Amino acid sequence: MLWNKNEKYTLVPYELEFEPFLNEVSEDIEKVDISEIDTIVVPARKDGFEETFIGENCWHHIRLNSSMIPKIKYVAAYQTAPISAITHMAEVKSIEQWQDTNKYILYFQMANFRGSLQTG
């Protein structure tokens, strides 16, 4: 449709009903003290998980707020379907900028690598 500045348009007001996301459960959730957060959970498909997380002892392309970098001590790998669970954790040795992006790469301390957290 082309705009014709000579035509008059009538706006018809209507009412929107807004329900905040997760409004019914927010009362049951404890407030998290952000200073206590020291772990980042990363989603991992099977191929990337085995090649990078296990094979290279790192995980990259992670978007982090720079204020969180000094607080991150651990990384947890959430393997996607069909596993759909956090299966491995590692202690973070260092965090560096990933190439020329606003993302980061986490390198692990393998001596503290914890695998197979599946229960069942």
(request) Using 0.36 nm per residue of separation minus the Cα-Cα distance, give me the extension gain between Asp47 and Ile83 in nm, one decimal. (result) 11.7 nm
(message) Charges at C-beta only: +1 for Lys and Arg, -1 for Asp and Glu. How large is the resulting dipole of the range 41-112 about its Cα centre, in Debye rounded to 20?
(response) 280 debye
(request) For Gln99 and Lys71, compute 0.36 nm times the residue count separating them, minus their Cα-Cα distance, and round to one decimal in nm. (result) 7.9 nm
(request) Would you mind checking which residues have amide H under 5 Å from Ile83's amide H? H placed 1.01 Å from N; only 5 or more apart, or other chain. (result) none
(message) In whole Hz and in residue order, list the ³J(HN,Hα) couplings for the range 51-66 that follow from phi through the Karplus curve 6.51 cos²θ - 1.76 cosθ + 1.60, θ = phi - 60°; x for Gly and Pro.
(response) 6, 9, 4, 7, x, 9, 6, 7, 8, 10, 6, 9, 8, 10, 6, 4
(request) Obtain the nm distance between the two label points defined at Lys31 and His61 by a simple spin-label model: each point lies 7 Å from its Cα along the Cα-to-C-beta direction. (result) 3.7 nm
(request) Count charges around Asn65 for me, please; just the other residues with Cβ under 15 Å from its Cβ, Lys/Arg as +1, Asp/Glu as -1. (result) +2
(request) Provide, as a two-decimal number, the C-alpha radius of gyration of the range 41-112 over 2.2 N^0.38 Å, N being how many residues it has. (result) 1.06
(message) What's the ranking of 63-69, 53-59 by average number of surrounding C-beta atoms within 10 Å, highest first?
(response) 53-59, 63-69
(request) Which order do the peptides 78-85, 89-96 take when ranked by the mean count of other beta-carbon atoms within 10 Å per residue, highest first? (result) 89-96, 78-85
(message) On a 19 Å Cα-Cα criterion, which of the cross-link pairs Lys71/Lys93; Lys73/Lys103; Lys31/Lys73 come out too long?
(response) Lys31/Lys73
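Every number here is computed from the coordinates shown, using simple stated rules; none is lab data. Quick caveat: nothing in here was measured; it's all calculated off a predicted structure. Neighbour counts are summed over all protein chains in view; Cβ atoms, including those assigned to glycine, are modelled from backbone coordinates with ideal geometry.
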